[in-house]
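Starting off with a structure, shown below.
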Amino acid sequence: MIESFAHLEQSAAGRDLADVFLETDEQEHGIPAAQILAALRKRREVMRDCIERGKNGGQSMGKLVGNEAKLLDEAFRSGRTFLDPLTIKAEIYALSVMGENSRMGVIVAAPTAGAGGVVPGMLLALEEERHVDPEKTVRALVVAGGVGSIIALSANISGAAGGCQNEVGVAAAMGAAAVAYMMGGSPSDSIQAAALALKNTLGLVCDPVGGLVEVPCVKRNALFAVHGLTAAQLALAGVKSVIPMDEVVEAMVRIGRALPRGLKETAEGGLATTATGCAIGSRLKDEANQRRAERAAERERMAQERKAGTAP
Amino acid sequence: MAVRHDRKVSILDVMGPVMVGPSSSHTAGTARLGRVARELLDEDPLAVHFYLHPPLAATYRGHGSDFALVGGSIGLNVDDPRIPEAIRIAEQMGVEIEFSEEDLGDVHPNTVRIEIEGKKREAEIIGSSIGGGVIEVFQLNGFQTRFKGDSPTLLLFYRDRPGMISEVTKTIAEEGINIASLYCSRKQRGKDAFMQIDVDSPISAEGLRRICATPDVAEAKYLDRIP
């Protein structure tokens with residue numbers, strides 16, 4: 001079992017990082033490598049489908065978001081963007097996934113649903129723009145998952161436990177390691193990429209407006225997909241994190257504990273309690289109460305009908 | 001930092017699950033907790049009551065946890081596109097659904113107690129959705145436990161007595177099955193006891209029958225990996 005990133009760096013030196021993770025998983029969980037790869041091939045397809053649907057936009061459950069991917073996609077296709085295509089596609093794809101997520105569409109949690117746009121945004125944009133073999137993307141998903149599984153040994157991967165650093169931060173680290181792998185980096189480059197990405201998300205709070213995975217989550221996924229790409233770029237150029245990855249994870253856990261409860265997914269602080277956030281929160285509560293009342297009335301009506309139907 | 005061996009998750013758990021949005025801890029994890037209750041009951045429910053720990057009670061509606069918990073409790077998988085319709089489906093099935101808030105103590109924020117009732121049986125679990133769809137059930141029909149639903153598991157309810165563990169594990173060994181972990185607890189010495197055995201491969205119907213036939217076993221329940 002690989003217990004730390006230091007341990008990973010030792011055992012993966014000179015080897016293919018995906019192979020190391022596949023071997024470990026087979027030993028630990030009894031899932032054969034072929035089965036993991038087959039499942040991830042399907043998940044890559046789910047990601048692709050999700051991106052295609054998501055580009056069309058549509059209103060989210062809380063009606064706060066929905067058309068971000070569509071807007072950026074239209075701007076890109078009509079030549080009204082100024083960033084390079086890789087960056088823009090990473091953003092469009094991350095926004096697409098998160099749009100689908102906010103409409104209760106089928107997505108791949110990577111590692112969570114609320115941070116589920118980052119990894120597909122980075123990897124599928126890179127695959128397309130740099131003509132990477134899709135099978136390499138599948139193996140990069142192994143790398144992303146493997147990095148996440150080491151983080152999970154000491155950290156709870158949820159906003160409720162440690163804020164958004166534990167979700168989007170972890171996703172950016174997983175994606176950065178995977179991108180370094182896709183671009184031909186060494187295992188050590190991948191670990192450095194993860195450390196650089198995670199280090200620069202520390203302290204990120206989870207303060208969703210109205211408690212929904214909509215604001216700021218949807219756009220944040222796009223911005224941190226780009227963040228992850230940048231971290232991978234630095235690592236591939238030989239830039240190193242002074243603080244080793246294991247210690248960055250440790251810092252994340254400590255910061256997560258120190259964060260007040262109001263900034264850990266409860267919607268009782270940060271953006272959720274701004275004037276606009278509060279106004280949206282109370283509108284959502286009113287609407288939920290109304291829906292509950294309607295459901296109760298519907299139940300009552302159905303009960304009446306049943307009674308009338310069974311009466312002699 | 002201490003490594004938690006009980007926190008080991010596979011690549012497929014991290015890069016997944018494939019699920020209906022919007023939140024892995026509030027939708028996928030909660031759906032799986034509902035599913036554990038449903039599997040434990042082992043029949044269609046007539047009534048399900050969800051007691052939400054205060055932080056979950058504050059956030060569950062916006063994340064569709066109500067749909068997910070209900071969806072799981074009527075047997076839907078986390079990637080079933082019918083989850084957004086789960087409450088309506090449950091009502092059509094005639095299942096009585098109730099949500100309340102309850103302080104469940106010093107536990108993970110996303111913790112829920114589920115009471116589920118069918119025609120023949122009833123069951124109760126307390127469990128947390130700890131992120132990424134991963135769950136930890138720590139109380140099951142009143143017994144302390146540590147159930148994650150990530151491997152085939154045998155749950156035994158029996159009368160506490162010497163030799164029980166060795167008899168049961170002997171049968172499992174004779175079936176050629178490796179035990180990954182074993183956890184026992186009891187309500188009172190010599191009285192109601194509980195054993196959770198996580199195994200590496202499925203137990204056959206014949207194996208299960210043999211285990212059930214062990215003297216003083218009141219009930220044996222075999223759960224597959226919770227999808």
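Each value in this text was obtained by applying a stated rule to the coordinates, not by laboratory testing. No experiment lies behind these values; they were computed from the predicted model shown. Cβ atoms come from the backbone with ideal geometry, glycine included; neighbour counts cover every protein chain shown.
Amide H of B:Gln139 versus every other amide H placed in the peptide plane: which residues, excluding those fewer than 5 positions away on the same chain, fall under 5 Å?
Under 5 Å from the amide H of B:Gln139 lie the amide H atoms of B:Ile126, B:Thr145, each far enough along the sequence or on another chain.
Post the alpha-carbon centroid distance, the range A:16-56 to the range A:249-308, in whole angstrom.
Between the Cα centre of the range A:16-56 and that of the range A:249-308, the gap is 33 Å.
Evaluate the distance, in nm, between pseudo-label points positioned 7 Å from the Cα of B:Arg189 and of A:Arg283 along their respective Cα→Cβ axes.
6.4
A 30 angstrom limit on the alpha carbon distance is what I want to check against. Which of A:Lys70/A:Lys136; B:Lys120/B:Lys148; B:Lys148/B:Lys191; A:Lys136/B:Lys148; A:Lys63/B:Lys8; A:Lys285/B:Lys221 exceed it?
Pairs exceeding the cut-off: A:Lys136/B:Lys148; A:Lys63/B:Lys8; A:Lys285/B:Lys221.
Can you give the translational diffusion coefficient of the range B:56-172 in µm²/s, computed by Stokes-Einstein from the Kirkwood radius over Cα pairs at 20 °C and 1.002 mPa s?
131
OK, next. Tell me, what ³J(HN,Hα) does each residue in the range A:74-90 have, in order and in whole Hz, if you take phi through Karplus 6.51 cos²θ - 1.76 cosθ + 1.60 with θ = phi - 60° and put x for Gly and Pro?
5, 4, 5, 6, 9, x, 9, 10, 10, 7, 6, x, 4, 4, 5, 5, 4
Could you run the Karplus curve 6.51 cos²θ - 1.76 cosθ + 1.60 with θ = phi - 60° over the range B:60-70 and give me ³J(HN,Hα) per residue in whole Hz, x for Gly and Pro?
Using θ = phi - 60°, the values come out as 5, 5, x, 9, x, 5, 5, 4, 5, 4, 5 Hz.
Kindly identify the protein assembly as shown as rounded, prolate or oblate by the Cα gyration tensor criterion: order the square roots of the eigenvalues as a ≥ b ≥ c, call it rounded if a/c is under 1.5, otherwise compare a/b with b/c, prolate if a/b is larger, else oblate.
oblate
In addition: In peptide A:145-156, how many Cβ atoms from other protein chains are near each Cβ within 10 Å, on average?
Per residue, the average neighbour count from other chains is 6.
Enumerate the whole-percent occupancy of each 10 Å bin, from 0 to the last occupied one, for all C-alpha pair distances of the range B:11-120.
It works out to 16, 49, 30, 4, in whole percents.
Under a 5 Å amide H to amide H cut-off, with H placed in plane at 1.01 Å, what residues pair with B:Gly131 once short-range neighbours are removed?
Under 5 Å from the amide H of B:Gly131 lies no amide H from a residue far enough along the sequence or on another chain.
Still on this structure, please answer the following. Could you work out the equivalent-ellipsoid semi-axes for the range A:254-312, taking the square root of 5 times each eigenvalue of the Cα gyration tensor, largest first, in whole Å?
Result for the range A:254-312: semi-axes of 43, 15, 4 Å.
Give, rounded to the nearest 20 debye, the magnitude of the charge dipole that the range A:27-140 has about its Cα centre when Lys and Arg contribute +1 at Cβ and Asp and Glu contribute -1 at Cβ.
The calculation lands at about 220 debye.
Taking other Cβ within 10 Å of each residue's Cβ, how do A:Leu259, B:Leu33 sort, fewest first?
Ascending number of Cβ neighbours within 10 Å: A:Leu259, B:Leu33.
Let a ≥ b ≥ c be the square roots of the eigenvalues of the Cα gyration tensor of the range A:87-218; is it rounded (a/c under 1.5), or, if not, prolate (a/b larger than b/c) or oblate?
Cα axes put the range A:87-218 in the oblate bin.
Rg/Rh for chain B: what does it come to with C-alpha atoms and Rh from Kirkwood?
Using only Cα positions, Rg/Rh for chain B is 0.97.
What list of ³J(HN,Hα) values in whole Hz, one per residue of the range A:33-42 in order, does the Karplus curve 6.51 cos²θ - 1.76 cosθ + 1.60 (θ = phi - 60°) give from phi, with Gly and Pro shown as x?
For the range A:33-42, the Karplus-derived couplings read 3, 4, 5, 5, 5, 4, 5, 6, 4, 5 Hz, x marking Gly and Pro.
Within the set of other residues whose C-beta is less than 15 Å from the C-beta of A:Ala13, count the net charge using Lys and Arg as +1 and Asp and Glu as -1.
-4
Another one. Hey, what D do you get for the range A:1-106 in µm²/s if you plug the Kirkwood alpha-carbon radius into Stokes-Einstein at 25 °C and 0.890 mPa s?
149
Specify, per residue and in Å³, the volume enclosed by the convex hull of the alpha carbon atoms belonging to the range A:182-312.
It is 182 Å³ per residue.
Something else: Counting just the Cα atoms, what span does the range B:144-203 cover along each of its three principal axes? Round to the nearest Å and put the largest first.
31, 25, 13
Nothing charged except the Cβ atoms of Lys and Arg (+1) and of Asp and Glu (-1): what's the magnitude of the dipole of chain A about its Cα centre? Round to the nearest 20 debye.
The dipole of chain A has a size of about 1160 debye.
Net charge near B:Glu124: determine it from the other residues with C-beta under 12 Å of the C-beta of B:Glu124, scoring Lys and Arg +1 and Asp and Glu -1.
So the surrounding residues net to -1.
How large is the Rg to Rh ratio of chain A when both quantities use alpha carbon positions and Rh follows Kirkwood?
We get a ratio of 1.05 for chain A.
Place a +1 charge on the Cβ of each Lys and Arg in the protein assembly as shown and a -1 charge on the Cβ of each Asp and Glu, then give the dipole magnitude about the Cα centre in debye, rounded to the nearest 20.
In debye, rounded to 20, the protein assembly as shown gives about 720.
Still on this structure, please answer the following. Taking neighbour Cβ counts within 10 Å as the exposure measure, how do B:Tyr60, B:Tyr158 sort from fewest upward?
Going from sparsest to densest Cβ surroundings: B:Tyr158, B:Tyr60.
Using amide H atoms built in the peptide plane, which far-off residues or other-chain residues are under 5 Å from A:Ala110 H to H?
Long-range HN contacts for A:Ala110: A:Ala115, A:Gly116.
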